[in-house]
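Chemist: Provided herewith is a single structure, encoded as structure tokens, for subsequent inquiry.
The values are calculated or read from the model by the stated rules, or taken from the named source; none is laboratory data. What you see is a predicted model, and the numbers here were worked out from it, not measured in a lab. So basically every Cβ, Gly included, is an ideal-geometry build from the backbone, and we count neighbours across all protein chains shown.
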Amino acid sequence: MVNKATKDVIAYCVSCKMDLAHTVVAMDGETVKKVLCNTCNKEHVYRAPKGEKALTNKNKPVRKTRVKKIIDPDVLWEKALEPVQNLPSKLYTINGSFESGEKIDHKTFGLGLITKVIQPNKMEVIFKMGTKIMIRGN
């Protein structure tokens, strides 16, 4: 019977940064745990050669990545303003009193729709260039 702990395997050497011949130093059942590089004589944890997956008995769950849909601010702005097209807009001032669903006219950002009132003195407004948090009076 051949002693498996002294057989040679190909493994990735972290010192040499290459796939090289290694001598097996420690095993756990049939799994190689530690190896000794035959080139630099350094002992390290076994790493499968690059390009090969490490053989493990564990089934790792596959992570599904969610793709976040990016909506163009222009499209979002146009859809938001459709139901309130015929309503008049209020001129924006910091001390003004505003409610959710109102249209405002800002001197820099232009026409916008208040989507959310954040207490006590802020509001979320959607403009053609994107959504902004604005200060408002109480």
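Chemist: Pairs needed: first member in segment 109-124, among the hydroxyl-bearing types (Ser, Thr, Tyr); second member anywhere, outside any loop (DSSP other than H, G, I, E, B) and surrounded by fewer than 17 Cβ atoms within 10 Å (Cβ to Cβ); C-beta distance under 6 Å; at least 6 residues apart or different chains.
Modeler: Pairs found: Thr115/Glu124.
Chemist: Right, next: Check Asn57 against each of (1) assigned to a strand (DSSP E or B); (2) modelled with pLDDT under 90 and name the one condition it does not meet.
Modeler: Unmet condition: (1).
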